[in-house]
There are 2 protein chains.
Amino acid sequence: MMERIEARYWIETPFPVEKAASAMAGEQSSGTFVKVVGESEELTRRHAARVERIEQLESVAAPSLPVSGALGFVPAEYQRAFVTLSWPIENVGYHLQNVMATVAGNLFELSQFTGLRLLELGLPEAFYKKYVGPRHGVSGTRKLVSVSQRPMIGTIIKPSVGLSPKQTGKRVAELVEAGVDFIKDDELMGDPPHSPFEERVDAVMTVINELAQIQGRKAMYAFNVSGSIDEMLKRHDYVVSRGGTCVMASMNWVGMSGIETLATHSDVPIHGHRNGWGMFYRSPFMGVNYTVMQKIWRMLGVDHLHCNGLRNKFCESDESVVASAKACLDPLSGYGDRALPVISSGQWAGQASDTFESIGSPDLLYVCGGGIVGHPDGLKAGVNSVRSAWEAALQGVPLGEAMSASTDLQRAVEFFAKP
Amino acid sequence: MMERIEARYWIETPFPVEKAASAMAGEQSSGTFVKVVGESEELTRRHAARVERIEQLESVAAPSLPVSGALGFVPAEYQRAFVTLSWPIENVGYHLQNVMATVAGNLFELSQFTGLRLLELGLPEAFYKKYVGPRHGVSGTRKLVSVSQRPMIGTIIKPSVGLSPKQTGKRVAELVEAGVDFIKDDELMGDPPHSPFEERVDAVMTVINELAQIQGRKAMYAFNVSGSIDEMLKRHDYVVSRGGTCVMASMNWVGMSGIETLATHSDVPIHGHRNGWGMFYRSPFMGVNYTVMQKIWRMLGVDHLHCNGLRNKFCESDESVVASAKACLDPLSGYGDRALPVISSGQWAGQASDTFESIGSPDLLYVCGGGIVGHPDGLKAGVNSVRSAWEAALQGVPLGEAMSASTDLQRAVEFFAKP
C-alpha cells in the first residue's frame, strides 16, 4: 500500500461540506481555478489528495472569518465539520517544509472557508527515520542537571532586558545558590550591545562552573542563540567551549531549516522558544494546533518545547496547555526520547498540583519567573516554595497540609494567590 | 540620540488604552507579572519600551478575539486604538530574529488584548547595512529575462503535482514557445519521488537552454529548493550549474535564518513564496501586515515577493494586495534595488488595467496559472491575451478597444469573465 500523509482539520464553510473538502484537496494537489490540459484521469487517480472522512458539525448564522469579494450568493448558514485529507507520499517526498506547504500552505487563504484549523498530522514512518528527533530529550536533560523523578525547576533572568553580563552573572549565582535547576535567557535577550553574547556566556558560565564544583551538580542555562545560521553555530560552539549545557532559539523566527541545522550541529539540548505562537492559535477559527507543531519541531531536533502553563498570563486555555504537554510526552516512532515540555507563563507554586494531575507526568521543566524571583522572602524561599509544592503534588499531599510543613510555600500562597 | 526600533499596532482591549499600551511595552522589555528585584529606575529609564503615540479609535461591545480565564471584571466595552511603541537598539542589537521576538513575540498572546495587529515597523539605518537586501531585485530580474518596461509575464506548472520531469520539460517547452518570461514550480512541488529535483532541473533546463539559443533570450524558471540548509544549497548549486536563473523557497517554512543563508549563498534571484501567509492576515484582529513582513524578507535577501493579485481566489482584499506590492517597490535605505512584487492567484488578462492603475508601476511579475494555460485557444493565445491586456493598460487603451485589436484577448474575456 502506498504511504500517505494524513491531516485532520476543523473547517467552517458557506458551501456544502463535501464541495469545500474537495476544494481543499484540489488546491493542495493538482488544482488551479480551471481544469487544465494534462490533468488526466490517471494523474488525478495517482496524485489527487483524498477526502478520507467528513464529520459534520453544527452550522452557524454568521461567518467566523471574513471573506473578501463576492461569493456569488448570500449564504443562509455556515457549516462546520471535521475533515480528514490524505496525500500520497509520491506527491511530497520526505521533506517537512514541503509537508507544511501541503497541509497548511495556501489553505488558510481559500475563500471557500470562513474558518480552517489544522488539528492533527499523521506521517509515514520513514519521516521519523530521516529526521533525527530530540537527541537529549527528557532523559538527556535530567542527566545534565542531575535531577531524577521530580520536575526540573527553572526560572528566567528578570528583568528580561537591561542587565549587564556582570549583573547577569551575579543574578545567576543567586538563583543557582537558591537551588534552581535551570535558567533561561528571556527571548528578548540575544546579542544586544548592553549584553554581548560571549561576554554574557563568560560571566554566566564562570559562576555556573564554580557553583557546580561546590554543589556537585551543574545548573543548566539556556543561552538564546537565535540569529543567522553562522551566528547560531558560532554561539553554540562558544557556549559548549565554556561548559554550557543548553542553547535556546526562537523557533518561529529562526524557522524550520535553521532549527534543523542548529539541532543537527548541537552537542547540547535545544530549548525551543515559541514566541510568535499566538498567531497559530489566538483566533479559534484559524491556525495550527500545537499538537501538530510540537511534532514538527521535535522531528527537527528540538529537545525542550514551550507549552505555556495552567492559568497562564496569556490567552491559552488550560485544556490546550495540557494537550500540548501531553503531545510532547507522547513518544514518536523510533525516537530514543520524548521532548521535554516547558511549563511557563505566570507559574508559581500554586499550579503544581493541578499541573501534575492534568498532565500526569513529572517529566516537565517547570519555569517560574516572577513566581520565584518575586517571592516576598527572596530567591531561596521562592525555589523552596515551588519544590515543596511539587513534592506535595507528587506525593498526593493536599496544598493546605504542605503549607503547614513549609513556611516558604505558605508565604508564596499568601503573596501570589491574593486576588 | 539613541537609535530606536519603532512599531505601530492596531489593538483592541477591555482595559484603558494607556494601561494596555504599558502592558505591551512592559512585556516586551523589562516585564514579568510582578515587579522584581533589580528592576531599578535607572534600568527602566534606559531599557523600557516607550509608548510613543496612542490614537484612540472606536469601541465595540463584544471582544473580537476570546480571552481565556477571568479578567477579574466584566468589560462594558472594548476600546480600539493605534499604538506606537519604540525600543532602544541597546535592548535588541542588529538581529532581525530578535527584532521579531521583540515586536511580535509574545504580544499576540497577551490576555490584555482582544485584538492586536502589527502594522508598521521602523528600523535604524544600521540594519540596512548589516542585511544585504535583494541582490537582483527588479532590475536584475529584468536583465536575466531580457524584458524592459512592461511587467514580466509568468506562469506556474499545472497540474501542480503529478507530472514527471520529462512531462514537465515538455510543458516548459510549450510555455516558453508560447512566450512566457517566467515559470515557477508550484509550491507543492519540491523533491518528490515522482519528480526528483535534479531530474526535473535537467529536463527543464535542457529545454530552456535550447530555446534560449533560438529565441535569443532565456526564460526564467523558479525551482522550489525548500528543504534543509544543505539540501537548499546543493539544489541551488545544481540549478546554477545547469544554467538556471532562479530558485524559489517557501519563506514561512524555511524560515528567516534559512532564507538568509540561501540568499547570501545564491548567484540567482530568490523567488519568495509566502504559502502559510494566511495565518498572518486571515483574521482581521490579529497578525502582521505584509508591509512589515516584505521588509523582513527583503532585508534577508529575497528578490521576488508574492503579493496575491486583484480579485484573487483567496481572501485578501484588493486594498491589502496593492499596499503589499507598493511596499515591495518602495526603496529601502541603502539597497541597490527594490523587491519585485509577484502578482498571482486567479490572475488573467482581465486584471491588468486595474493592477497598473492601482499599483502605478510596470515593475511586476504577473503570474497567471489557469489564466494562461486555461485559455480556450491554447497557451500561445493565453500568453498573448495577457501581453495584449498589459500593453493596453500601459498605453491607457480601454479594454474594449484592446479586445477589438486582439482575438486572443477577446476570447480570454469571453472565457474567463463569464459569471
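At-a-glance table
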quantity	calculated
Test: residue in region B:133-142 that is under 19 Å from the mean Cα position of the chain (by Cα), closer than 30 Å to residue A:346 by Cα and either of a type outside the set (Lys, Arg) or open to solvent by 30 Å² or more (accessible area, probe 1.4 Å) (or both)	no
Among the candidates A:190, A:227, A:216, residue that is open to solvent by less than 40 Å² (accessible area, probe 1.4 Å) and over 20 Å from residue A:155 (Cβ atoms)	A:227
Residue within region A:145-156 that is farther than 24 Å from residue A:392 by Cβ, surrounded by fewer than 24 Cβ atoms within 10 Å (Cβ to Cβ) and in contact with a Phe, Trp or Tyr (Cβ under 8 Å, 6 or more places away or on another chain) present	no
Any hit, region B:117-129, residues being touching a helix residue (DSSP H, G or I) at 6+ places or on another chain (Cβ under 6 Å) and buried (at least 24 other Cβ atoms within 10 Å of the Cβ)	no
Candidate set: region A:89-105, residues that are on the phi < 0 side of the Ramachandran plot, open to solvent by less than 10 Å² (accessible area, probe 1.4 Å) and not polar (S, T, N, Q); chosen: the one farthest from the other protein chains (Cβ to nearest Cβ)	A:103
Positions within region A:199-235 being part of a helix (DSSP H, G or I), within 23 Å of residue A:162 (Cα to Cα), within 13 Å of another protein chain (Cβ to nearest Cβ) and touching a helix residue (DSSP H, G or I) at 6+ places or on another chain (Cβ under 7 Å), in sequence order	A:199, A:200, A:232, A:235
Options A:220, A:232; residue that is in the same structural domain as residue A:253 (by TED's automatic domain parsing) and in contact (Cβ under 8 Å) with a residue 40 or more places away in the chain	A:220
Residue ranges of strands (runs of 3 or more DSSP E) in region A:257-338 with at least 2 members facing chain B (nearest Cβ under 8 Å) and either open to solvent by 40 Å² or more (accessible area, probe 1.4 Å) or in contact with a Leu (Cβ under 9 Å, 6 or more places away or on another chain) (or both)	A:286-288
Sole exception among (1) of a type outside the set (A, V, I, L, M); (2) more than 11 Å from every other protein chain (Cβ to nearest Cβ); (3) in contact (Cβ under 8 Å) with a residue 60 or more places away in the chain for residue A:131, by number	(2)
Qualifying positions in region B:401-419 - open to solvent by less than 80 Å² (accessible area, probe 1.4 Å), of a type outside the set (D, E, K, R), touching a Gly at 6+ places or on another chain (Cβ under 9 Å) and over 13 Å from residue B:351 (Cα atoms)	B:415
Selection count where residues are outside any loop (DSSP other than H, G, I, E, B) and more than 13 Å from chain A (Cβ to nearest Cβ), scope region B:237-256	6
Verdict on residue A:360 being crowded, with 24+ Cβ neighbours inside 10 Å, in contact with a helix residue (DSSP H, G or I) (Cβ under 8 Å, 6 or more places away or on another chain) and within 26 Å of residue A:403 (Cα to Cα)	no
Search result, residues across region B:339-375 that are part of a loop (DSSP other than H, G, I, E, B) and more than 14 Å from chain A (Cβ to nearest Cβ)	B:339, B:360, B:361, B:362, B:363, B:364
Of all residues making up region B:1-25, the number that are over 31 Å from the mean Cα position of the chain (by Cα) and either surrounded by 22 or more Cβ atoms within 10 Å (Cβ to Cβ) or at pLDDT 90 or above (or both)	7
Listing of helices (runs of 4 or more DSSP H) fully contained in region A:77-153 that carry 1 or more residues being farther than 21 Å from residue A:333 by Cβ	A:89-92, A:137-145
Complete set of residues in region B:376-400 that are open to solvent by 40 Å² or more (accessible area, probe 1.4 Å) and either at pLDDT below 95 or not in a helix (DSSP H, G or I) (or both)	B:376, B:377, B:396, B:397, B:398, B:399, B:400
Check on residue A:175, within 12 Å of another protein chain (Cβ to nearest Cβ) and surrounded by fewer than 24 Cβ atoms within 10 Å (Cβ to Cβ)	no
Filter result for the condition that a residue is buried (at least 23 other Cβ atoms within 10 Å of the Cβ) and free of Cβ contacts under 8 Å to residues at least 60 places away in the same chain, over B:159, B:165	B:159
Subset of region B:35-76 that is modelled with pLDDT of 95 or more and open to solvent by 80 Å² or more (accessible area, probe 1.4 Å) - its residue that is nearest to residue A:171 (Cα to Cα)	B:53
Qualifying positions in region B:230-256 - of a type in the set (A, V, I, L, M), open to solvent by 10 Å² or more (accessible area, probe 1.4 Å) and under 22 Å from residue A:226 (Cβ atoms)	B:233
Breaking point among (1) touching a residue at least 60 places away in the same chain (Cβ under 8 Å); (2) within 19 Å of residue A:311 (Cα to Cα), for residue A:335	(2)
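The values are calculated or read from the model by the stated rules, or taken from the named source; none is laboratory data. These numbers were taken from a predicted model, which means no experiment stands behind them. All Cβ positions, even for glycine, are placed from backbone atoms using ideal geometry, and neighbour counts span all protein chains on display. Side chains included, ligands, DNA and RNA excluded: accessible areas come from the protein's heavy atoms. Shrake-Rupley method; radii C 1.70, N 1.55, O 1.52, S 1.80 Å.
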